[in-house]
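The values are calculated or read from the model by the stated rules, or taken from the named source; none is laboratory data. These numbers come from a predicted model, not from an experiment. Here the Cβ positions follow ideal geometry from the backbone for every residue, glycine too, while neighbour counts run over all protein chains shown.
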Amino acid sequence: MRAFRDAGADIVGVGSALIGLTTDEMGEYFRTLERDMAQGSNVAEQMIRYDVDMQFRPVILVSNERVTDDICILTFDRKVDLQAGEFVFLWIPGLGEKPFSALADDPFSLAVIDVGLFTHELMSLQPGTEAYVRGPHGTPVAPPAGAKIITVSGGTGLAAVYQLARDFPNSEIFTGARTAERLYFLDECRKIAPVHVSTDDGSEGFHGFVTELLREYLQQLLPAERKNLIFYNCGPSPMVRAAVAVEREFCGDDQIFSAIDYLTKCGVGLCGACAAPDGRRICVDGPFMDGASVV
């Protein structure tokens with residue numbers, strides 16, 4: 001039992017020690033712990049993460065830019081260090097907290113859609129308001145060297161893929177909205193990558209769903225070009241599932257990664273609220289996971 005004592009014998013201690021481990025790492029930890037108990041060794045201790053930062057840091061709201069009645073962009077007064085694929089929690093004392101993918105990290109900014117009590121309050125948040133940020137959380141994306149990256153987004157999903165396209169130059173951005181007035185951040189996107197836009201009503205770009213635009217694009221590629229693609233999808237669940245279905249027509253699941261919001265709450269793998277259908281947790285195994293995990 002020495003390994004249990006060293007890692008934290010009580011449940012709270014063990015849970016705290018395992019914060020931030022992915023599902024695969026968690027499984028390997030307990031297999032190693034079992035061997036430790038049989039052999040009197042303590043190899044499992046070396047696998048524990050103590051570097052997950054749960055501290056909130058203050059940020060000051062500089063501007064609240066309204067895109068439409070239910071979409072706004074919040075820009076804060078400083079940089080927040082993030083890698084593509086990671087996310088943060090924003091906490092407003094007295095209102096609550098919610099996880100967000102950062103639209104940009106320098107200065108730190110968020111795209112917000114009014115979908116609940118907390119986000120509704122963010123619509124009218126005034127410049128000068130002090131907020132707090134926890135993170136980053138999640139696993140940074142790691143596309144293969146030389147891959148052509150296709151990002152597909154809708155709603156606030158653009159926030160999760162903008163930095164990805166910025167940090168990996170061989171990228172193209174596909175984004176869609178119901179109408180042109182609901183599109184945002186396109187000028188910034190066009191500075192870093194080719195952008196393909198669709199609107200349901202045809203008011204800007206392709207007339208139809210972004211997944212239909214994606215299919216047209218993929219149909220024009222040669223088989224060798226399709227084999228070099230890596231997809232990153234983020235947005236409303238129906239859009240992500242439709243995107244994955246289109247991508248599977250041309251490519252394999254090992255080329256498809258998607259992020260769907262499974263109600264992430266703790267951000268460090270303890271609560272299980274964001275478990276995908278295969279049991280992996282979005283907050284530590286994702287948010288971007290292979291296509292088979294989310295559909």
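Among the residues making up region 149-163, those that are within 16 Å of PHE257 (Cα to Cα) and either in contact with a Cys (Cβ under 9 Å, 6 or more places away or on another chain) or surrounded by fewer than 17 Cβ atoms within 10 Å (Cβ to Cβ) (or both) are THR151, VAL152, SER153, GLY154, GLY157, LEU158, ALA159, ALA160, VAL161, TYR162. Residues in region 103-124 that are touching a strand residue (DSSP E or B) at 6+ places or on another chain (Cβ under 6 Å) and either crowded, with 22+ Cβ neighbours inside 10 Å or among the hydroxyl-bearing types (Ser, Thr, Tyr) (or both): LEU103, PHE108, SER109, LEU110, ALA111, VAL112, THR119, LEU122. Within region 150-165, the set of residues being touching a helix residue (DSSP H, G or I) at 6+ places or on another chain (Cβ under 9 Å) and of a type outside the set (Val, Ile, Thr) comprises SER153, GLY154, GLY155, GLY157, LEU158, TYR162, ALA165.
Only one of LYS79, LYS148 is within 24 Å of THR264 (Cβ to Cβ) and at pLDDT 90 or above. Can you tell me which?
LYS79
Note on region 63-85: residues that are over 19 Å from the mean Cα position of the chain (by Cα) and not in a strand (DSSP E or B) total 4. Contact map, region 221-246: first residue on the phi > 0 side of the Ramachandran plot, second residue in a helix (DSSP H, G or I) and buried (at least 23 other Cβ atoms within 10 Å of the Cβ), Cβ cut-off under 7 Å, separation 6 or more or different chains; pairs are GLY235/GLY157.
I'm checking my understanding of the structure. Among residues of region 146-165 that are among the hydrophobic types (A, V, I, L, M, F, W, C) and not in a helix (DSSP H, G or I), which one is nearest to the chain's Cα centre (by Cα)?
VAL152
When restricted to residues that are in contact with a strand residue (DSSP E or B) (Cβ under 8 Å, 6 or more places away or on another chain) and not in a strand (DSSP E or B), region 86-102 contains 4.
Restricting VAL210, VAL197 to residues that are farther than 20 Å from ARG226 by Cβ, at pLDDT 95 or above and either in the same structural domain as CYS274 (by TED's automatic domain parsing) or surrounded by 22 or more Cβ atoms within 10 Å (Cβ to Cβ) (or both) narrows the list to VAL197.
Take the conditions (1) hydroxyl-bearing (Ser, Thr, Tyr); (2) over 26 Å from PRO99 (Cβ atoms); (3) not assigned by TED's automatic domain parsing to the domain that holds ALA242; TYR217 misses just one of them, which is (3). The number of residues in region 172-192 being buried (at least 21 other Cβ atoms within 10 Å of the Cβ), farther than 21 Å from PHE100 by Cβ and out of contact with any Leu (no Cβ under 7 Å at 6 or more places or on another chain) comes to 0. Listed by first and then second residue, the pairs with beta-carbon distance under 9 Å, at least 6 apart or on different chains, first residue in region 196-219 and in contact (Cβ under 8 Å) with a residue 60 or more places away in the chain, second part of a helix (DSSP H, G or I), are LEU214/ALA243; LEU214/VAL246; LEU214/GLU247. Count of region 241-280 residues, restricted to those that are closer than 29 Å to ARG226 by Cα and modelled with pLDDT of 75 or more, is 24. Considering PRO127, PRO143, PRO169, PRO136, the condition of being within 15 Å of LEU103 (Cα to Cα) and not in a helix (DSSP H, G or I) is satisfied by PRO136 alone.
In region 37-66, the residues that are modelled with pLDDT under 80 form Cβ pairs under 6 Å with partners that are among the polar types (S, T, N, Q) and surrounded by 15 or more Cβ atoms within 10 Å (Cβ to Cβ), at six or more places apart or across chains, as follows: VAL43/THR32; ALA44/THR32.
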